[in-house]
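The values are calculated or read from the model by the stated rules, or taken from the named source; none is laboratory data. What you see is a predicted model; the values in this text were computed from it and never measured. Cβ placement follows ideal geometry from the backbone for every residue including glycine, while neighbour counts extend to all protein chains displayed. Ligands, DNA and RNA are excluded from the accessible area calculation, which covers all protein heavy atoms including side chains. Shrake-Rupley method; radii C 1.70, N 1.55, O 1.52, S 1.80 Å.
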Amino acid sequence: MHFRLRIRDADQIVRVACHNERNKRTQEEMNDLCILEHGTIIVGDDGKIAFVGTEAEASTDPRFAGATFDRDLNGHGLSIVPGLVDAHTHPIWAGDRVNEFAMKLAGATYMDIHKAGGGIGFTVEHTRRASPEELKTLLEARLSRMLRAGTTLAETKSGYGLDLETEVKLLKVLHEVSKTHPIGMVTTYLGAHSVPKGTTADAHTRDIVERHLPELKRLEAQGELHVDNVDLFLERGIFELGHAREILVAAQQRGYALNFHGDEMHDMHGAQLAAELKALAISHLESASPEGIEAMGQAGTHAVLLPTCPYVLKKSNLPYPNARAMIAAHVPIVVASDYNPNAHCLAMPVVMNLACIQMGLTMPEVLVASTLNAAASLGRADRYGSLEVGKEGDLVVVGASRWEHLVYELGDPPVAGVYKAGRCVA
């Protein structure tokens with residue numbers, strides 16, 4: 001028989017799940033990684049994991065006697081973890097906002113920058129002017145950098161167009177790149193990222209419900225683009241609770257999953273809304289109330305936590321989300337990069353380190369939050385997020401005998417190889 005990949009006798013294979021869990025919600029579950037020592041993993045010609053177990057078990061399996069492998073590696077001194085899943089990114093935009101970093105260092109808040117003409121509005125202006133070819137080049141370069149740092153599946157948002165024409169342009173580029181780039185992509189429409197200049201939140205909400213969502217469905221039916229989730233920015237002075245409910249209900253009625261921003265700078269009751277609507281996920285939650293967290297735990301809605309956001313805005317302007325309270329309430333937590341012009345971080349290992357230091361997660365918890373739970377927050381846990389037979393052969397080879405070096409070695413983690421469907425892509 002022929003197989004794409006065998007890595008044999010690895011010091012550690014971190015399976016993350018052993019029983020096809022959809023996600024892990026309790027502290028005990030998140031700290032149980034199912035680690036194999038002297039393990040072997042084999043990926044078949046179909047790109048799916050064909051075997052994961054000990055080297056002793058592999059050596060007695062008749063399927064592998066006389067088998068050939070496109071790539072056959074000795075895993076001594078190496079560890080293997082599932083491919084990382086970045087469940088919240090804004091990777092398609094034009095316009096450089098490096099000057100805003102100096103403003104933040106001088107004490108400016110997110111809303112200060114927004115009012116001064118920076119922030120989302122600045123990026124929207126440049127993105128509207130950019131051609132599809134320019135956006136494609138920028139997007140591909142960013143996705144490749146993510147891949148080299150171990151991300152094999154990413155949620156990718158639009159949102160820097162706001163008007164229908166530009167949002168469609170962004171979604172078409174995302175769709176085109178998803179067919180050719182090795183990274184896996186889940187696409188999210190974020191037409192309600194901000195209120196466009198010259199209109200109101202009420203008017204833009206109506207425009208999204210009456211024009212944007214129907215047009216996206218029409219273009220999907222023609223194969224011109226694809227949308228998995230609908231997102232919005234629920235925040236005081238931008239889109240209020242009533243706007244959010246109207247957009248999300250309309251999206252849900254059209255068959256889209258709900259995965260939105262909420263409770264970042266103010267408690268907008270976004271956590272409760274996410275639980276009520278059975279949203280797949282809600283991101284940020286720095287200001288979520290205890291009642292909202294409890295509701296999410298009962299509903300099973302994923303909390304996508306973004307440690308780069310309070311970090312770049314400085315903790316005095318924005319607290320870190322209460323990850324420990326969420327785990328105590330059995331909320332399935334996710335850690336993601338929030339890659340965007342404001343939080344310019346493409347490397348999930350750096351994000352994982354921040355989550356441990358700034359939010360008090362253990363290293364096993366942060367690995368679960370960046371793999372299995374992250375995949376579940378995108379509705380992909382049946383295919384990604386853990387090293388199990390039948391799942392996609394997406395994995396990261398860590399050049400160390402313990403997997404924790406991926407998180408521990410800040411800034412330059414020992415990523416020795418990244419595999420997508422059993423093929424080396426970085």
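The table below lists the values:
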{"quantity": "The chain: most fluctuating residue of Thr68, Thr205, Thr308 per GNM, C-alpha cutoff 10 Å", "calculated": "Thr68"}
{"quantity": "Choice from Thr187, Thr89, Thr60 showing the highest fluctuation, given a GNM over the chain with Cα pairs closer than 10 Å", "calculated": "Thr60"}
{"quantity": "Distant-in-sequence amide H partners of Phe3 (H built 1.01 Å from N, under 5 Å)", "calculated": "Thr68, Phe69, Asp70"}
{"quantity": "Solvent exposure, largest accessible area first (probe 1.4 Å, DNA, RNA and ligands not counted), of Asp267, Asp412", "calculated": "Asp412, Asp267"}
{"quantity": "Phe51 long-range amide H proximity, modeled H, under 5 Å", "calculated": "Ile42"}
{"quantity": "Accessible area per residue, Å², the stretch 171-296 with all protein chains present, probe 1.4 Å", "calculated": "37 Å²"}
{"quantity": "Pairwise FRET efficiency - Cys34 versus Cys424, Cβ, R0 = 30 Å, nearest 0.05", "calculated": "0.75"}
{"quantity": "In Hz, Karplus ³J(HN,Hα) per residue of the stretch 35-40 (6.51, -1.76, 1.60; θ = phi - 60°; x = Gly, Pro)", "calculated": "8, 9, 9, 6, x, 10"}
{"quantity": "Degrees between helix 132-148 axis and first principal axis of the chain (Cα, 0 to 90, nearest 10)", "calculated": "40 degrees"}
{"quantity": "Trypsin sites (Lys or Arg not before Pro) restricted to the stretch 99-190 and DSSP loop, no more than 13 other C-beta within 10 Å", "calculated": "Lys179"}
{"quantity": "Accessible area of the stretch 32-81 divided out per residue, in Å², using a probe of 1.4 angstrom", "calculated": "48 Å²"}
{"quantity": "Calculated [θ] (222 nm, deg cm²/dmol) that DSSP helices of n ≥ 4 give over the chain, each run adding -39,500 (n - 2.57)", "calculated": "-9500 deg cm²/dmol"}
{"quantity": "Whole-number percent relative contact order across the chain, with pairs defined as alpha carbons under 8 Å at least 6 apart", "calculated": "22 percent"}
{"quantity": "Carbon + sulfur, % of accessible area of the chain - ligands and nucleic acids excluded, 1.4 Å", "calculated": "50 percent"}
{"quantity": "Projected label distance in nm at Arg245 and Asn99, using a 7 Å step from Cα toward the beta-carbon", "calculated": "4.1 nm"}
{"quantity": "Over the stretch 65-145, relative contact order from alpha-carbon pairs under 8 Å, at least 6 apart, %", "calculated": "38 percent"}
{"quantity": "Separation of the Glu276 and Thr68 label points, Cα + 7 Å toward Cβ, nm", "calculated": "6.2 nm"}
{"quantity": "Calculated P(r) tail over 18 Å for the stretch 117-165, as whole % of Cα pairs", "calculated": "41 percent"}
{"quantity": "Across the chain: Cys residues that no other cysteine approaches within a C-beta distance under 4.7 Å", "calculated": "Cys309, Cys345, Cys356, Cys424"}
{"quantity": "Within the chain, percent of DSSP bridges classed antiparallel, to nearest 5", "calculated": "40 percent"}
{"quantity": "Residue among Ala416, Ala257, Ala67 with the largest mean-square fluctuation in a Gaussian network model of the chain, springs linking Cα atoms under 10 Å", "calculated": "Ala67"}
{"quantity": "In nm, spacing of pseudo-spin labels at Glu165 and Glu409 (7 Å Cα→C-beta vector)", "calculated": "4.9 nm"}
{"quantity": "Size descriptor, Kirkwood hydrodynamic radius, that averages inverse alpha-carbon separations across the stretch 130-250, Å", "calculated": "15.0 Å"}
{"quantity": "Spatial separation of Cα centroids for the stretch 216-260 and the stretch 150-186, in angstrom", "calculated": "15 Å"}
{"quantity": "Added length on full extension, which subtracts the Cα-Cα distance from 0.36 nm per residue, Thr200 to Ser401", "calculated": "66.8 nm"}
{"quantity": "Candidates per trypsin sites (Lys or Arg not before Pro) in the stretch 270-365, loop by DSSP, up to 14 other Cβ within 10 Å", "calculated": "Lys278, Lys314, Lys315"}
{"quantity": "Length gained when the stretch Gln252-Thr54 is fully extended (0.36 nm per residue, less Cα-Cα span)", "calculated": "66.8 nm"}
{"quantity": "Normalised contact order of the stretch 240-351, rounded percent, pairs of Cα under 8 Å and 6 or more residues apart", "calculated": "20 percent"}
{"quantity": "Fully extended contour minus Cα-Cα distance, from Lys179 to Arg383, at 0.36 nm per residue", "calculated": "71.7 nm"}
{"quantity": "Accessible area per residue, Å², the stretch 336-392 with all protein chains present, probe 1.4 Å", "calculated": "23 Å²"}
